[in-house]
1. For the range 28-59, which positions are in contact with a strand residue (DSSP E or B) (Cβ under 7 Å, 6 or more places away or on another chain) and outside any loop (DSSP other than H, G, I, E, B)?
2. Look through the range 170-188, keep the residues that are in a loop (DSSP other than H, G, I, E, B) and without any contact (Cβ under 8 Å) to a residue 40 or more places away in the chain, and return whichever of them is nearest to residue 233 (Cα to Cα).
3. Quick check on the range 52-66. Is at least one of its residues surrounded by 13 or more Cβ atoms within 10 Å (Cβ to Cβ) and farther than 26 Å from residue 100 by Cα?
4. For the range 60-107, name all the residues that are more than 30 Å from residue 177 (Cβ to Cβ) and part of a strand (DSSP E or B).
5. Considering only residues that are part of a helix (DSSP H, G or I), in contact with a helix residue (DSSP H, G or I) (Cβ under 8 Å, 6 or more places away or on another chain) and either modelled with pLDDT under 80 or not assigned by the TED database to the domain that holds residue 202 (or both), which ones fall in the range 233-282?
6. Which residue is surrounded by the fewest Cβ atoms within 10 Å (Cβ to Cβ), if the candidates are limited to the range 236-254 and must be in contact (Cβ under 8 Å) with a residue 60 or more places away in the chain and more than 19 Å from residue 188 (Cβ to Cβ)?
7. On the given criteria, is residue 41 outside the structural domain of residue 195 (by the TED database), in contact with a helix residue (DSSP H, G or I) (Cβ under 9 Å, 6 or more places away or on another chain) and either surrounded by fewer than 20 Cβ atoms within 10 Å (Cβ to Cβ) or over 26 Å from residue 117 (Cα atoms) (or both)?
8. Please work out if residue 24 is within 21 Å of residue 194 (Cβ to Cβ), at pLDDT 85 or above and not in a helix (DSSP H, G or I).
């Protein structure tokens, strides 16, 4: 993913208003605020303040967050990094990396996810027996990042390629109950980490909310979502994805769900003639799969 102005990342927003964004964060802090130290909560709140121009999305650098917290007592860079790790592990936040054209990482993109208060808390892993030492430094293991959009390859830590997944990574059995079981069963052959699968479902929710469905709940669209995922995997295996897996998946979801949206509008208006050329979302999926030499998400 290339760096750019914050407005170019509008499609990652999951919120319709600042009030909805604030309410989601308030519910999250009410349930999980005790997991954060005072400094980490300060860093979290400062990050939300920088995520208003594009609601729920921020491209501020960590050093800028540290500097902004100076007036409220000050925090260190390591405090911000610990906050980010905890927020990602709890599922409220995802991090995407951007790469300069000349090479090397540029700024990160922080994406807040909607929290409705129904997500069950993650179980606490069994603690290892403490061994007395003269000095112990806090060094928590960072959970694996979400999908790596800065490369053309999927995260090999979670794609099943005879890779040993660290014991600290939660598997799909820890996923929240609001993610449909059919979707989990479809993607867990390729992604084993709960955070990765949750990120995939959030991508589907973003496409769903972007199309503004009125009478069709997302649970009724799971077959179309699964088909979009299969198309994306198919194109990845053929080496046709020139951007990131997540971006291609979002485009596939949007292209398929827009057909379902038209069906919804047609049902409301009791008019079906204009849909005869595209009878179902499956026909659009087949069309995408036939485009062997065309990547419709490639940068212009």
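The values are calculated or read from the model by the stated rules, or taken from the named source; none is laboratory data. Everything quoted here is computed from the prediction, not taken from an experiment. We place every Cβ from the backbone using ideal geometry, glycine too, and count neighbours over all the protein chains shown.
1. Step one: filter the range 28-59 for residues in contact with a strand residue (DSSP E or B) (Cβ under 7 Å, 6 or more places away or on another chain), giving 47, 50-51, 56-59.
Passing the criteria: 47, 57, 58.
2. Restricting attention to the range 170-188, the residues satisfying the condition of being in a loop (DSSP other than H, G, I, E, B) are 170, 175-180, 188.
Next, from what is left, pick out any that are without any contact (Cβ under 8 Å) to a residue 40 or more places away in the chain: 175, 179, 188.
Numbers: 175: 21, 179: 20, 188: 12 Å.
Among them, the one singled out is 188.
3. The answer is no; no qualifying residue exists.
4. Answer for the range 60-107, where residues must be more than 30 Å from residue 177 (Cβ to Cβ) and part of a strand (DSSP E or B): 97, 98, 99, 105, 106, 107.
5. The first filter runs over the range 233-282 and keeps only residues part of a helix (DSSP H, G or I), leaving 233-237, 245-269, 273-275, 281-282.
When the remaining residues are screened for being in contact with a helix residue (DSSP H, G or I) (Cβ under 8 Å, 6 or more places away or on another chain), the result is 234-236, 245-246, 248-250, 252-257, 259-260, 262-263, 266, 274-275, 281-282.
Within the range 233-282, 274, 275, 281, 282 meet the criteria.
6. Among residues in the range 236-254 that are in contact (Cβ under 8 Å) with a residue 60 or more places away in the chain and more than 19 Å from residue 188 (Cβ to Cβ), the one surrounded by the fewest Cβ atoms within 10 Å (Cβ to Cβ) is 242.
7. Judged against the criteria, residue 41 is a match.
8. Working: within 21 Å of residue 194 (Cβ to Cβ): yes; at pLDDT 85 or above: yes; not in a helix (DSSP H, G or I): no.
No: the conditions fail for residue 24.
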